[in-house]
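Participant: The structure follows.
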Amino acid sequence: MAISYKEIRTERQWKASTGLSEEQFNKLATLFEQAYVELFDETIDERQSGFPSESVFATYKDLFFFGLYSIKSAPAPGGLTYDLLALSFGLAPSNAYQSQSLTLQVLQAALELGGYMPKRAYATEEEFKKHWPPWTYV
């Protein structure tokens, strides 16, 4: 039995497992799907069609939930290891690592696509000043 976002019933469970509300999860999942297709130039179904067995992550939301759950569970000392993460989702530990890496790559692209990533580089000083207007002290 694998953990699934479909089993989440309350906002508290959404926040505990993903760090997001259900509404935020669904909104970002749409961007996640768009970013996935842009990054790999194929859908999740097309990409998985070459694998001999059925994937644990059959949908974008399944993969997205796994990624958020793995990030949310990792930071604290004693957080989930890849072995426990794999056990929770019915994967091999190496697949847990690969799936998390894939999810992080797509998540970054989704956040950039939605305009949620901070700007880290500026071509000119003028571009920097436009992005960061002078502070006004009250």
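The values are calculated or read from the model by the stated rules, or taken from the named source; none is laboratory data. As the structure is a prediction and not an experimental result, all values here were calculated from the model. Positions of Cβ are backbone-derived with ideal geometry, glycine not excepted, and every protein chain shown enters the neighbour counts. What goes into the accessible areas is simple: the full protein's heavy atoms, side chains included, and nothing from ligands, DNA or RNA. Shrake-Rupley method; radii C 1.70, N 1.55, O 1.52, S 1.80 Å.
Participant: Based on the inverse mean of 1/r over its pairs of different Cα atoms, what is the Kirkwood hydrodynamic radius of the stretch 86-130, in Å?
Facilitator: This gives a value of 13.1 Å.
Participant: If each residue of separation counts as 0.36 nm, what is the full-extension length gain between residue 2 and residue 131 once their alpha-carbon separation is subtracted?
Facilitator: Contour length minus the Cα-Cα distance gives 42.0 nm.
Participant: Considering all projection directions equally, how large on average is the shadow of the alpha-carbon convex hull of the stretch 55-101, in square nanometres?
Facilitator: 2.9 nm²
Participant: Could you work out the relative contact order of the chain, using alpha carbon pairs under 8 angstrom and six or more residues apart, expressed as a whole percent?
Facilitator: Answer for the chain is 28 percent.
Participant: Ignoring ligands, DNA and RNA, what accessible area per residue does the chain give at 1.4 Å, in Å²?
Facilitator: 68 Å²
Participant: A further question on this structure: In the structure shown, do any of 15/61; 27/119; 72/129; 15/130; 27/129 have a Cα-Cα gap over 26 Å, and if so which?
Facilitator: 72/129; 15/130; 27/129
Participant: Continuing with the same structure: Can you send over the carbon and sulfur percentage of the accessible area for the chain, probe radius 1.4 Å, protein chains only?
Facilitator: 56 percent
Participant: May I ask for the longest run of the chain untouched by GluC sites (Glu not before Pro) that are loop-located per DSSP and have at most 16 neighbouring C-beta atoms (other than their own) within 10 Å?
Facilitator: Between the exposed loop sites, the longest stretch runs 55-138.
Participant: For the chain, I need the span (max minus min coordinate) of the C-alpha atoms along each principal axis, in Å, sorted largest to smallest.
Facilitator: 55, 35, 27
Participant: Top mean-square fluctuation among 90, 50, 67, Gaussian network model of the chain, C-alpha springs under 10 Å?
Facilitator: Most flexible of the set in this elastic network: 50.
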